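Working notes, beginning with the structure itself.
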Amino acid sequence: GFKKPRNALKPLITWYKEGATHNRLNKRLIEVFKTIRPSQMGIKRLAEGDISLISGFEFNGATAVTNLLNKLPLINLTAAGLRLSFSRTEIATWCKQVPKATGLVLQFMVFRFQLLGNKYGAWQSQDLSVCLDKPTYPGAELDLPMEHKGDWALFLCLGVYYKEGQHKIANKRYFACGITHAWHVKDGKKLSFIPPERKAPCSAMKPRNWPG
């Protein structure tokens with residue numbers, strides 16, 4: 001059901017929520033359940049649905065991550081965990097220009113839970129601080145170590161907020177957090193969802209030719 005993903009994402013809901021975050025998250029999870037084959041609906045396991053539909057969910061209903069950043073990090077599975085990469089970029093074209101803001105902070109969090117069990121975990125990298133009075137950001141790579149064995153739903157979440165001096169700018173237009181990647185990972189390999197075959201409706205079936 002919904003309990004495991006909500007528990008895993010609770011820290012983000014607390015820090016970045018604005019508006020009816022819980023209701024919007026529930027609706028997104030319902031969309032995943034709608035992709036489950038009819039023969040498996042009694043089980044209602046996220047493992048059977050299209051987990052990638054959770055990608056793009058925003059915790060702040062007023063602002064999306066892509067409204068603040070024009071380029072998102074690359075993420076790759078490695079033998080030892082996950083690697084997040086930001087390439088060198090011009091700050092003026094990378095992020096939204098915000099009045100009085102002197103810095104931008106990026107927070108990376110990975111949440112996962114077992115699809116066929118009860119375990120879930122969370123990893124948070126060190127915050128990346130970007131000084132906005134410099135012309136370029138030199139880029140960065142972050143490695144998050146984790147054991148891949150098992151069948152997991154994995155969410156990469158990116159939080160963004162601006163600050164003036166040492167203080168976060170509280171305006172809801174200038175902070176955001178979203179699930180940028182939502183993967184089904186089994187034993188270290190990302191699985192693609194295969195939609196169920198749909199039977200042709202009765203109206204589309206050819207009539208049988210009865211002997212006259």
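The values are calculated or read from the model by the stated rules, or taken from the named source; none is laboratory data. No experiment lies behind these values; they were computed from the predicted model shown. Virtual Cβ from ideal backbone geometry, glycine too; neighbours counted across all protein chains shown. Ligands, DNA and RNA are excluded from the accessible area calculation, which covers all protein heavy atoms including side chains. Shrake-Rupley method; radii C 1.70, N 1.55, O 1.52, S 1.80 Å.
Points worth noting:
- Lone unmet requirement of (1) in a strand (DSSP E or B); (2) touching a residue at least 24 places away in the same chain (Cβ under 8 Å) for Asn76: (2)
- Contacts under 6 angstrom Cβ, first residue in the range 139-166 being at positive phi, partner open to solvent by less than 30 Å² (accessible area, probe 1.4 Å) and in a strand (DSSP E or B), 6 or more apart: Gly139/Phe86
- Screening Phe33, Phe86 for residues that are open to solvent by less than 70 Å² (accessible area, probe 1.4 Å), more than 13 Å from the chain's Cα centre (by Cα) and modelled with pLDDT under 85 leaves exactly one candidate, Phe33.
- Every residue from the range 158-176 that is open to solvent by less than 30 Å² (accessible area, probe 1.4 Å) and touching an Asp or Glu at 6+ places or on another chain (Cβ under 7 Å): Ala176
- Criterion violated by Pro201 - all others in (1) open to solvent by 90 Å² or more (accessible area, probe 1.4 Å); (2) at pLDDT below 90 satisfied: (1)
- Strands (runs of 3 or more DSSP E) within the range 114-175 that include 1 or more residues closer than 15 Å to Leu69 by Cβ: 128-131, 140-145, 151-164
- Which listed residue is under 18 Å from the mean Cα position of the chain (by Cα), open to solvent by 70 Å² or more (accessible area, probe 1.4 Å) and of a type in the set (D, E, K, R), from Lys119, Lys71, Lys100: Lys71
- Residue in the range 43-51 that is in a loop (DSSP other than H, G, I, E, B), at pLDDT 85 or above and closer than 20 Å to Gly159 by Cα present: no
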